[in-house]
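Since the structure comes first, as structure tokens, the remarks are kept for the end.
The values are calculated or read from the model by the stated rules, or taken from the named source; none is laboratory data. Everything quoted here is computed from the prediction, not taken from an experiment. Positions of Cβ are generated from backbone atoms using ideal geometry, with glycine treated the same way; all protein chains shown enter the neighbour counts. Protein only, heavy atoms only, side chains kept; ligands, DNA and RNA dropped before computing areas. Shrake-Rupley method; radii C 1.70, N 1.55, O 1.52, S 1.80 Å.
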Amino acid sequence: MSVNKITIPFLRKMKQEGCKITMLTAYDYPTALLLDKAGIDILLVGDSLGMVMLGYENTLPVTMKEMLHHTRAVKKGCRRGLIVGDMPFLSFNVDSKNAIKNAGRFIKNGGAEAVKLEGATEPILKTIQSIVEAGIAVMGHIGLTPQMVHQMGGFKVQGKDAGSADILIEGAKRLEEMGIFALVLEGVPGNLAQKITRQLSIPTLGIGAGPHCDGQVLVTHDLLGLSEFPKPKFVKQYASLYPLMLSAINSYKQEVLEGKFPSKEYTY
Ligand code: KIV
């Protein structure tokens, strides 16, 4: 299926026609240009930028100001893909009024076309309903929700036993009722993700959730191999850019130290 601009109704059509949806994280202008050129459907300005770009231990310290700064940069490089801004910890959990205001900042000040919120507790469901009623498109996110890292006791696969799987299935259905347009399923068994995907009419996007979701999402830095740190099992690294970059930087350093750069060729 081809289209000049990805819209929310188009994503639903992709699910209906069995056409897989691609989503990747983008935190800056050059990455947005690259992903858009490759025809990635959804560009997620994930709060993972706290760990990937800002060196935080987890996503909890990320602020609205940081998210908006990166969302604006992504907006400049993206024409076709749908831009989704990830609402950081406590930007939506205090009360619905505050949540609508912050979701609105992603749209009005950041240039995002939708926002993503983690969780499906009763208060979060209510908040999501209020944001949707305010006219802002919302993507849900359940399973391994990194903003709940302390409650989960680490970044652990969720929904492994029947009881917790049922809670996730119920949460997914309630989120759809509240009006979300798509749902991220993170760190759940493949058969549970398949069950949820079959029961929803909105698309699911899996990360560490097996092959049966309507689409897949990864952190772009992980798939490009841009870090020296070990990756979780679900990450497929399609390139190893870290050693290439390190080698280029080492070559530059060596040539400067030896007086080889800049040579005549690079001198006015
Ligand atoms: O912040 C993020 O990058 C995410 C994806 C991993 C889904 O939420």
Notebook entry, point to check: Applying the selection to the range 194-237, what residues are among the hydroxyl-bearing types (Ser, Thr, Tyr) and either within 14 Å of Ile142 (Cα to Cα) or not assigned by TED's automatic domain parsing to the domain that holds Leu175 (or both)?
Noted result: Thr197, Thr204
Margin query: Residues that are assigned to a helix (DSSP H, G or I), within 15 Å of the ligand (Cβ to nearest atom) and either more than 24 Å from Leu224 (Cα to Cα) or touching a helix residue (DSSP H, G or I) at 6+ places or on another chain (Cβ under 9 Å) (or both): does the range 2-25 have at least one?
Written below: no
Note to self: When the residues of the range 101-136 are narrowed to those that are under 19 Å from the mean Cα position of the chain (by Cα) and assigned to a loop (DSSP other than H, G, I, E, B), which ends up farthest from Met64 (Cα to Cα)?
What the structure shows: Ala120
Item checked: Within the range 159-184, tally of residues that are assigned to a helix (DSSP H, G or I), in contact (Cβ under 8 Å) with a residue 40 or more places away in the chain and closer than 14 Å to Pro203 by Cα -> 2
Notebook entry, point to check: Between residues in the range 98-111 that are more than 19 Å from Leu82 (Cβ to Cβ) and residues that are crowded, with 21+ Cβ neighbours inside 10 Å and not aromatic (Phe, Trp, Tyr), which pairs lie under 7 Å by C-beta distance while being six or more apart or on different chains?
Noted result: Ala99/Thr127; Ala99/Ile131; Ile100/Ile131; Asn102/Met87; Asn102/Ser91
Notebook entry, point to check: Within the range 190-214, which residues are surrounded by fewer than 18 Cβ atoms within 10 Å (Cβ to Cβ) and either within 16 Å of the ligand (Cβ to nearest atom) or part of a loop (DSSP other than H, G, I, E, B) (or both)?
Noted result: Ser201, Gly210, Pro211, His212
Check: Give me the pairs: first residue in the range 41-70 and without any contact (Cβ under 8 Å) to a residue 40 or more places away in the chain and open to solvent by 10 Å² or more (accessible area, probe 1.4 Å), second residue in a loop (DSSP other than H, G, I, E, B) and of a type in the set (Ser, Thr, Tyr), beta-carbon distance under 6 Å, and six or more apart or on different chains, which are they?
Finding: Met53/Tyr27
Item checked: Tabulated pairs, the range 120-131, first open to solvent by 30 Å² or more (accessible area, probe 1.4 Å), second in a loop (DSSP other than H, G, I, E, B), C-beta under 7 angstrom, 6+ apart or interchain -> Gln129/Gly179
